[in-house]
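K.L.:
This is the structure I have questions about; it appears just below.
Bear in mind that the values in this text are calculations on the coordinates, not laboratory data. Because the structure is predicted, anything quoted here is derived from the model rather than measured. We place every Cβ from the backbone using ideal geometry, glycine too, and count neighbours over all the protein chains shown.
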Amino acid sequence: MAFDSHQKREFKQVGTRPPRPDGIDKVTGRALYGADVSAPGMLTARILRSPHPHAKIVAIDTSEAAALPGVKGIVTGADFALPDDEFFADIAVNVMARDKALYDGHAVAAVAAISPAVAAEALKRIKVTYEVLPHVTDVDAAMRADAPVVQPGRAVETVPAGMGANVTHFCEFGHGDVADGFAKADLVVERSFRTAATHQGYIEPHACLASMTADGKADLWCCTQGQFNVRTICATLLGIEASQLRVSASEIGGGFGGKTTVFIEPVALALSRKTGKPVKLVMTRDEVFKATGPTVSTSIDVKIGMTKDGRITAGEAVLRYSGGAYPCGTVDMGAQAAFAAYDLAAVRTTGWNALTNRPKEAAYRAPGAPQAIYAVESVVDELCLALKLDPLDVRIRNAARKGTKSSYGPTFDDIGLLATLEAAKAHPHYTAPLKPGQARGLSCGFWFNFGGNTCVSLNVNTDGTVGVTEGNPDIGGSRASISLMAAEELGIEYDKVRTIIADTSSLGYNDVTDGSRVTFSVGLATIKAARDAIGKMCGRAAKIWGIDEDAVEWRDGAAHPAGPNAGQFPPMTLAEIAAVSFQTGGPIAGHHEVNVDGAGVSFGVHLVDLEVDSETGATKVLRYTVFQDAGRAVHPDYVEGQMQGGAVQGIGWALNEEYIYGRDGRLQNAGFLDYRVPVASDLPPIDTVILEIPNPGHPYGVRGVGETPIVPPLAAISNAVSRAIGVRMQELPMSPPRILKTIRAARA
Amino acid sequence: MVKVLLWGSMRTHTEGRAEVEVEARTFKEVLDKLAEAYPGLRPQIERGVSMALDGRIYREAWFAPVGPDSEVVLMPYMTGG
Amino acid sequence: MRYEKPQTVAEAARLLTAEKGLTRILAGGTDVLVQLKAGMVEPELVVDIKALPGLRSIVSEAGGFRIGAAVSGAQLGEDAEVRALWPGVVEATNLIGSTQVQGRATMAGNLCNASPAADSVPALVAAGAVARIAGPGAARDVPVEAIPVGPGKTALKRGEFITSIFLPARPARSGDAYLRFIPRTEMDIAVASAAVSLTLDEGGTITAARVALGAVAPTVRLVEAAAAAIVGTKLEDAAVAKLAAACSAACSPIDDKRGTIEFRTEVAGVLAKRAARIAYTRAGGQA
Amino acid sequence: MSISVSTTVNGDAVDFICNPEESLLDALRGRLGLTGSKEGCGTGDCGACSVTLNGRLVCSCLVLAVEAEGAEIGTVEGLASADRLHPLQQAFLDHAALQCGVCTPGILVAAKALLEKNPDPSDEDVRYWLAGNLCRCTGYDKIVRAVQSAAAQMRSA
């Protein structure tokens, strides 16, 4: 274990900022994304979607569509296996509805045709008979006993009897006596909050090209965060063996969690199976919004007690999340994360999930945490204001640290929260003067980070270069980080390493690119694969020198004789050993396969200055600084990139992004025109401060960095807006009409 | 015996106890013994649980060794984005 | 769908008149292509008018400018003379969509799309601009405010299309301005908007004004009471307050995904107030 | 009904056949195999399909393919010469101004059009010019820095 764990060392490559290996392809337009490949004889597929939020599918008549010249195949729900396992069954039913359409945009049939125009025409000729049912899209409404039932009988055993039929999930976390804690407080504040569902908003719509032959062999090209997971799901839904389905991950145009599952891939495969031809299926943007996975929408109550000198005596939160039309456990993570930044003697969080007629939730960057932490950090800010306390001092005072029993149970090891808070306090931004009308807000953020199944092969080429084969799609520059770690461990130059992402037939299973796991887990496996190769290279050198393997050590990219009896030999470099590898036993490779644990948790603190136009409710973000513990920043440019990108997604969530449903249960804003992600002119520079508190669970101290940055902006912005207008905002997004209404209501 | 801290909603199936003791030397044994002693926990265990062992979270590792002095906290199986 | 690119106005009119099915005019295409993509319209015939004589030029005429119907926002924005005479109209047009959309979008298209939220239209209405319409009969000139008759509906008859928009000459000491409210800084449709055009006498008193509002009624609205509130004043606070109140009173907006009735009504007044101050300053007044 | 179109793409004369409904983006990607321009929305809201049409920056999803007749089109594929990246491309690599990279072609084409019009833009000029190019990964910070770095380099060249 000692060898796996973090050790202090001097890095030569890690921490530098070389160009990414896939960079030139991406700036020249050569990189191939999901929709960029075609196959000879390919058909185009389109999906027919329910216009109703909730409806019984009485009948589907495809005969007129099938008769249209150029239509080669049509599938409906009946063409997919319904797995016994609920996890897969829910995906299957989401991919193609069976007896009921559960949300506006739910797929009900799909067509493969010789051209996009014919496919579009065919969709119009499919006659679906619906019996429209009452619908519910609001989480609080859905929890009521008299709410329309989205799916009956889906509650897990923890849900107490007597809850509404849409309640599927209940969880509770915490320790200590909260009633006693509140009694010790000088001030207790209790508030309710709501957050809208938001979408990951990746710029590349889902796209795939499927090809399945009569003997059951299939190839699938798709944009995904995890080709192995796509294989598992598609093989299950189509009833084929994993070995027969080879999934290749295209370059991926953003995911943020939204591409950790499947929506269209099984449909394309089923159509290819039916037609005997390759089938390309690309979502429109409207389909992406309507029928892929946004976040949960939430309704949250938070109660916190504080003493006059800023000590939190107890915290309590009730979280009501809806993950759409299917059971969803995201509230677990929200309930665990809500108070993670605090060292509390008494804390209790309870979480509920309720079904609504909305699309099936998919992960979005730290799923469940931003909403819960927004609510908690808002109440902490209100307490600081009321007690006239400095909000950073209060957070420092109450910060979780090594040895703190976390709000979700385990005791924290080395964590970087305190250092991050102190860095924020020492930063010029925190004390910069504000002009009249401007306000400053801040928030802590937290995410668990994960490891997971990881498999890496590292091949030493005879010319002294190295190929690293990994299995996680590169969304934000991870190939560069992996190459850096391989080069570091091997002691060779960065540009001697080429890292590629394998298809599912070329490497063992890798978990999805999620949970901020890639730099941490794939990095760890790469370092160990390099050590495996180093061991073999030391063995070859020992043979050449005629000494014991134990008497060879690896240093600065070369084998050296070591120890008193090793003898005197000039070191042999990797290139020298590789050059004679055929003569010394054959090709040299290193491997590592592991289910990685020990991802260190990550904390961040965000500071924002903004001003609100009190006549229109418009918010202008003026200055923004992100402080985050990265454990070890392998490629600092891409660590900063994660911090900046996550912050801006959070800013969008706080100010403008939301799923807007009409009374008819239909999504009103399924496009980038009215689903308003931040544009360049909305933003100031996003400054970053990277802290490096090594993760004890990684050889180089790496922590995941990708998810934490989306957590703090919601409350940081809300706290600043609330300070600017002098009224506590309690709903996201803080769109101008909502802010103006709040200002007016407070004045009235 | 290993003390296992459960999260709140699991207590319904452990006669209200937040901490239970089982005889186990590994993560897998903890899960097996829990399911055996408290059958009501079985569905959740089958859906997936993680375990924090002395502060480090393990998502699936059956053979992660657990000692009598270890801090063992059961957690829901988690996913990220 | 057929695509035609006629070389003369007569040919264009003939094509449009002859087609029995749905037709669409293509100039910048930034609305038409979105509608095609969404399947909102399925025209039988699209007539590209960009090759018609004069449609891509800006010509001085009687102290004002005749702007061809296919002149893009970007081209208009690069014309220093138009910008100097009607800065509000040019800034309004330049607010339509992104830089990319500016490369194609036209004022005439913005007008004919007949959206109540069209950015250039309130400014054109405030400016007293006149559209020249070609068609099967003789060309006719119509004030821009008479073109849209409801959301997505225009007063153009079968076979008719706009060939140019005329921005008139204006007296010395005149200024105009346009402001819209959007939740972001760019890329949105106006939630409410206001355009003000005014003329001052030598002492800085407003002698004439036109005030138009967008996105607060089924069509862009010319608010005469708002103009009356500031004519004869030097835009003192009381006059500005009256202007804002008159604007808010003239609103009959809807609640939708972009804004509420309450918000639009209030913000229209705020924007009119701010636009009036800019126009006043541009006209040489000391605000 | 198919229409034959003769046009010029990145300086090369090319012909293609298309349907009247097809967008220029469809033709570039589907007919000419130039998949560097991306479709992020198809409605002019994301800028991933940005190209130049007779020197003007446009969304190729909002241009009919038939309108390319006789026109000069510039795409991301035309930015680099055989042995040399455009300064903007190099700056984007040097400044890590891309993460997933799918918006990058459109942003490069748009930024090039900006620098041709305004070789010395302010940060605000860059941000407003690029407001029609959505990037969901970077938060735009490094993009603005990269454009400014390329601009400075191009001014001194």
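K.L.:
Tell me which residues come under 5 Å, amide H to amide H, from A:V128 once H is placed; ignore anything under 5 positions away on its chain.
P.N.:
A:D61
K.L.:
Let me ask something else. When averaged across all projection directions, what area in nm² does the alpha-carbon convex hull of the stretch D:87-156 cover? Don't jump to the answer; show the numbers that get you there.
P.N.:
Values: hull surface 15.5 nm².
For the Cα atoms of the stretch D:87-156, the hull's average projected area reads 3.9 nm².
K.L.:
Would you grab the residues whose amide H sits under 5 Å from the one on A:K360? Only those 5+ places off in sequence or on another chain, please, with H modelled 1.01 Å from N.
P.N.:
Amide H to amide H, under 5 Å and 5 or more residues apart or across chains, A:K360 pairs with A:A325.
K.L.:
At 18 Å minimum axial length over the Cα atoms and a Kyte-Doolittle cut of 1.0, report the qualifying DSSP H helices in chain C, or say none. Could you put the intermediate results ahead of the total?
P.N.:
Working: long enough: C:237-250 (20 Å, 1.19); C:261-282 (31 Å, 0.05).
What comes out of the filter, once short or polar helices are dropped, is C:237-250.
K.L.:
Between rounded, prolate and oblate, where does chain D land on the alpha carbon gyration tensor, with a ≥ b ≥ c its root eigenvalues, rounded for a/c under 1.5, else prolate if a/b exceeds b/c? Can you show the working numbers first?
P.N.:
On the way: a/c = 2.11, a/b = 1.70, b/c = 1.24.
Note, shape of chain D comes out prolate.
K.L.:
Quickly estimate the mean residue ellipticity at 222 nm for the protein assembly as shown, helices only: each DSSP H run with n ≥ 4 gives -39500 (n - 2.57), and the total goes over all residues, rounded to 500.
P.N.:
Working: 37 runs with 366 residues, N = 1273.
Counting only the DSSP helices, I get -8500 deg cm²/dmol.
K.L.:
Taking amide H positions as placed 1.01 Å from N in the peptide plane, with prolines and chain starts having none, which residues 5 or more places from B:A24, or on another chain, fall under 5 Å of its amide H?
P.N.:
Result for B:A24 returns B:V2.
K.L.:
Related question: Among rounded, prolate and oblate, which fits chain A when a ≥ b ≥ c are the square roots of the eigenvalues of its C-alpha gyration tensor, a/c under 1.5 means rounded, and a/b larger than b/c means prolate? Present the calculation step by step, with values, prior to reporting the outcome.
P.N.:
Values: a/c = 1.93, a/b = 1.10, b/c = 1.76.
Here chain A falls in the oblate category.
K.L.:
Provide the per-residue ³J(HN,Hα) series for the stretch A:488-498, in order, calculated from phi with Karplus coefficients 6.51, -1.76, 1.60 and θ = phi - 60°, each as a whole number of Hz, with x at glycine and proline positions.
P.N.:
Whole-Hz 3J(HN,Hα) from phi for the stretch A:488-498: 4, 5, 7, x, 10, 6, 3, 7, 8, 10, 10.
K.L.:
In whole angstrom, how far apart do the alpha carbon centroids of the stretch A:668-688 and the stretch C:175-240 sit?
P.N.:
A separation of 28 Å, based on Cα centres.
K.L.:
Just want the answer: with Cβ charges of +1 for Lys and Arg and -1 for Asp and Glu, which residue in A:A317, A:A566, A:V468 is farthest toward the dipole's positive end in chain A?
P.N.:
A:A317
K.L.:
Next question. Percent relative contact order of the stretch A:361-431, based on C-alpha pairs within less than 8 angstrom and at least six residues apart? Walk me through the intermediate numbers first.
P.N.:
Values: 39 pairs, mean separation 13.4, N = 71.
Reported as a whole number, the value is 19 percent.
K.L.:
Next question, about the same structure. Of A:I693, A:T625, A:V711, which is farthest along the charge dipole of the stretch A:603-748 in the positive direction, counting Lys and Arg as +1 and Asp and Glu as -1 at C-beta?
P.N.:
A:V711
K.L.:
Picking from C:R221, C:R277, C:R170, which is most flexible by a Gaussian network model of chain C using Cα springs under 10 Å?
P.N.:
Looking only at C:R221, C:R277, C:R170, the largest GNM fluctuation is found for C:R170.
K.L.:
Dipole size in debye (nearest 20) for the stretch A:245-336 around its Cα centre, Lys and Arg Cβ +1, Asp and Glu Cβ -1? The partial results should precede the final answer.
P.N.:
Numbers: 12 positive and 8 negative charges, 84 e Å.
Here the size comes out at about 400 debye.
K.L.:
Additional query: Binning at 10 Å from 0, report for the protein assembly as shown what percent of all alpha-carbon pair distances ends up in each bin.
P.N.:
Bins of 10 Å from zero give 2, 9, 17, 22, 21, 15, 9, 4, 1, 0, 0 percent of pairs.
K.L.:
Moving to a separate point now. Too long at a 29 Å Cα-Cα cut-off: which of A:K72/C:K37; A:K277/D:K38; C:K273/D:K117? Let's see the in-between values first.
P.N.:
Details: A:K72/C:K37 23 Å; A:K277/D:K38 25 Å; C:K273/D:K117 34 Å.
Long pairs (Cα-Cα over 29 Å): C:K273/D:K117.
K.L.:
Which whole-number percentage describes the relative contact order of chain A, with Cα contacts under 8 Å and a sequence gap of 6 or more?
P.N.:
On the way: 1986 pairs, mean separation 116.8, N = 748.
Taking the mean separation of contacting Cα pairs over the length of chain A, I get 16 percent.
K.L.:
On alpha-carbon atoms, Rg over Rh for the stretch A:1-147 using Kirkwood Rh? It would help to have the intermediate numbers written out before the result.
P.N.:
Working: Rg = 23.8 Å, Rh = 19.7 Å.
Using only Cα positions, Rg/Rh for the stretch A:1-147 is 1.21.
K.L.:
Pull up the DSSP beta bridges for chain B and report the antiparallel fraction as a percent, rounded to 5. List each step's numbers first, then the result.
P.N.:
Values: 13 of 15 bridges.
Percent antiparallel among DSSP bridges in chain B is about 85.
K.L.:
Among C:L213, C:L200, C:L15, determine the one that fluctuates most according to a GNM of chain C built with springs between C-alpha atoms less than 10 Å apart.
P.N.:
Ranking C:L213, C:L200, C:L15 by mean-square fluctuation puts C:L15 first.
K.L.:
Using the Kirkwood radius over Cα pairs, work out the Stokes-Einstein diffusion coefficient for the stretch B:2-76 at 4 °C and 1.567 mPa s, in µm²/s as a whole number.
P.N.:
Details: Rh = 11.9 Å.
Result for D is 109 µm²/s.
K.L.:
Along each of its three principal axes, how wide is the spread of alpha-carbon positions in chain C, in whole angstrom units, largest first?
P.N.:
On the principal axes, chain C reaches 57, 43, 32 Å in Cα extent.
K.L.:
Now for a different question. Average projected area of the Cα convex hull of the stretch A:33-72, in nm²?
P.N.:
Numbers: hull surface 19.5 nm².
With the hull built on Cα positions only, its mean projection is 4.9 nm².
K.L.:
Return, in residue-number order, each cysteine of chain A whose C-beta is not under 4.7 Å from any other cysteine's C-beta.
P.N.:
A:C171, A:C223, A:C234, A:C328, A:C384, A:C444, A:C455, A:C538
K.L.:
Now for a separate question. State which stretch of chain A is the longest one without any exposed chymotrypsin sites (Phe, Trp or Tyr not before Pro), exposure meaning a DSSP loop state and at most 11 other Cβ atoms within 10 Å. Please list the in-between numbers first.
P.N.:
Numbers: sites that count: A:F3, A:F582.
Here the longest segment lacking exposed loop sites spans A:4-581.
K.L.:
Using a simple charge model, +1 on the beta-carbon of Lys and Arg, -1 on the beta-carbon of Asp and Glu, nothing else, what dipole does the protein assembly as shown show about its Cα centre, in debye to the nearest 20?
P.N.:
Details: 124 positive and 141 negative charges, 490 e Å.
Here the protein assembly as shown has a charge dipole of around 2360 debye.
K.L.:
Then there's this: Share of antiparallel DSSP beta bridges in the stretch A:458-575, in percent to the nearest 5? Mind dumping the intermediate values first?
P.N.:
On the way: 9 of 14 bridges.
Here the antiparallel bridges make up roughly 65 percent for the stretch A:458-575.
K.L.:
Return the sequence-ordered ³J(HN,Hα) values of the stretch A:404-412 in whole Hz as given by the Karplus equation 6.51 cos²θ - 1.76 cosθ + 1.60 applied to θ = phi - 60°, using x for Gly and Pro.
P.N.:
5, 6, 5, 5, 10, x, x, 8, 5
K.L.:
Could you tell me whether the stretch C:97-184 comes out rounded, prolate or oblate from its Cα gyration tensor? Rule is a ≥ b ≥ c as square roots of the eigenvalues, rounded for a/c under 1.5, then prolate if a/b exceeds b/c, otherwise oblate.
P.N.:
Details: a/c = 1.83, a/b = 1.22, b/c = 1.50.
Here the stretch C:97-184 falls in the oblate category.
K.L.:
Explain nothing, just compute: Karplus ³J(HN,Hα) = 6.51 cos²θ - 1.76 cosθ + 1.60, θ = phi - 60°, for every residue of the stretch C:59-72 in order, whole Hz, x for Gly and Pro.
P.N.:
Per-residue couplings from phi come out as 10, 6, 7, 6, x, x, 9, 9, 9, x, 5, 9, 6, 7 Hz.
K.L.:
What relative contact order, as a whole-number percentage, does chain B give when Cα pairs under 8 Å and 6 or more residues apart are counted? Kindly include the intermediate steps, with their values, before the conclusion.
P.N.:
Values: 139 pairs, mean separation 28.6, N = 81.
Relative contact order of chain B: 35 percent.
K.L.:
To the nearest 20 debye, what is the magnitude of the charge dipole of the stretch C:1-155 about its Cα centre, counting +1 on the Cβ of each Lys and Arg and -1 on the Cβ of each Asp and Glu? Walk me through the intermediate numbers first.
P.N.:
Working: 14 positive and 15 negative charges, 67 e Å.
It comes to approximately 320 debye.
K.L.:
If you don't mind, another one. Find which of B:S9, B:A52, B:G67 sits farthest along the positive direction of the dipole of the stretch B:2-76, computed with +1 on the beta-carbon of Lys and Arg, -1 on that of Asp and Glu, about the Cα centre.
P.N.:
B:S9
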